[in-house]
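The values are calculated or read from the model by the stated rules, or taken from the named source; none is laboratory data. Source: prediction; values computed, not measured. Here Cβ is always computed from backbone atoms with ideal geometry, including for glycine, and neighbour counts include all displayed protein chains. Remember, those area values only see protein heavy atoms, side chains included, never the ligands or the DNA or RNA. Shrake-Rupley method; radii C 1.70, N 1.55, O 1.52, S 1.80 Å.
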Amino acid sequence: MLCLAESKKIVMVGIPGVGKTTLVSKIVEILKDHEKSVSVTSFGTLMFEIAKENGVKDRDELRKLPVSKQQELQKMAAEKIASQNEQIVIIDTHAFISSKEGYYPGLPEHVLKIIQPTNFVSVSAKPEEIYNRRMKDDTRNRDKITLSNIKKELDVQSGMISACAVITGSPVKHILNGEGKVDEAVNKIVTTIGL
Ligand code: ATP
Ligand code: MG
């Protein structure tokens, strides 16, 4: 009987500025060097592309939409991701989004059921480092940044990602993306994913 290998669906989460996109681009290089077919989707970018068709102009406007509208966009983005069939599908996203109504999950149960992640990677760094990385990046229109907010966000992240593991039964690897230690973090993630 022909048995096609299922693709691995790796969900990478981390609060803004922690370094997800930086890590993902290096991981992809390594996986491609090892002849793996890989796709990378930024969940936020995909949601924004869908939202643009509905008149949203700025990426940072997304999280200001009513939660019900964001949930609809999440579902559509999840369906697109679920249809990808590369050997390794990487999803660059957030465990939660700060909204006017409070923190809401980036990966609610209905989204997890559609994507069916096989692994979660939760990226963190020292709050001071995240603060500095956010301050350096002036391409984004970020909310007010304080150290105590960043600490709170790291706490919320670990709670949200634990819930994802319980819902899906898939493991979570916690990775520290230390200052100047991108390669170290990348190697740990590649080992986790497996080549
Ligand atoms: P967002 O959620 O807003 O997309 P992100 O988690 O994808 O953020 P990046 O854009 O990858 O974060 O990184 C934010 C900034 O931090 C960038 O300027 C990047 O070069 C820098 N950075 C990432 N990792 C490290 C590291 N280990 N040491 C030093 N700087 C880093
Ligand atoms: Mg990013």
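A few remarks follow.
- Taking each DSSP H run with n ≥ 4 as -39500 (n - 2.57) and averaging over every residue of the chain yields -15000 deg cm²/dmol at 222 nm.
- Taking the three principal axes of the alpha carbon atoms in the range 84-195, the coordinate ranges are 37, 37, 24 Å, sorted in descending order.
- Hits among aspartates and glutamates - C-alpha to C-alpha of Lys8 under 20 Å, sequence gap 8 or more where chains match: Glu29, Asp33, Glu35, Glu79, Glu86, Asp92, Glu109
- Altogether, the Stokes-Einstein calculation at 10 °C and 1.306 mPa s, with the Kirkwood radius of the range 36-85 over Cα pairs as Rh, returns a diffusion coefficient of 139 µm²/s.
- Neighbourhood charge, 13 Å Cβ-Cβ cut-off, centred on Ser170 and excluding it, Lys, Arg +1 and Asp, Glu -1: +3
- Antiparallel bridge percentage (DSSP; both residues within the range 1-142; nearest 5): 20 percent
- When each full DSSP H helix of the chain is screened for a Cα extent of at least 24 Å along its own axis and an average Kyte-Doolittle hydropathy of at least -1.0, the helices passing are 147-168.
- Rounded accessible area of Leu154 (nearest 10 Å², 1.4 Å probe): 30 Å²
- From the largest down, the range 1-159 spans 56, 34, 28 angstrom on the principal axes of its Cα atoms.
- Averaged over its residues, the range 45-87 has an accessible area of 58 Å² per residue, based on protein heavy atoms and a 1.4 Å probe.
- For Lys188, the accessible surface of its heavy atoms amounts to roughly 100 Å² (probe 1.4 Å, protein chains only, rounded to the nearest 10).
- Here is the list for the range 48-131: GluC sites (Glu not before Pro) lying in DSSP coil, each with at most 12 other C-beta atoms within 10 angstrom of its C-beta, are Glu53, Glu101.
- Accessible carbon and sulfur surface of the chain relative to its total accessible area, %, 1.4 Å: 52 percent
- Taking all protein chains as shown and a probe of 1.4 angstrom, Asp33 keeps an accessible surface of around 120 Å².
- Global form of the range 1-60, assessed from the alpha-carbon gyration tensor, a/c cut-off 1.5: oblate
- Contour minus Cα-Cα distance for Lys52 and Thr139 (0.36 nm per residue): 29.4 nm
- Over 20 Å between alpha carbons, listed pairs Lys126/Lys151; Lys26/Lys188; Lys9/Lys100; Lys57/Lys113; Lys32/Lys80; Lys26/Lys80: Lys9/Lys100; Lys57/Lys113; Lys32/Lys80; Lys26/Lys80
- Share, in percent, of DSSP beta bridges within the range 71-195 that are antiparallel, nearest 5: 45 percent
- Mean separation of Cα pairs under 8 Å and 6 or more residues apart, divided by the residue count, gives the chain a relative contact order of 32 percent.
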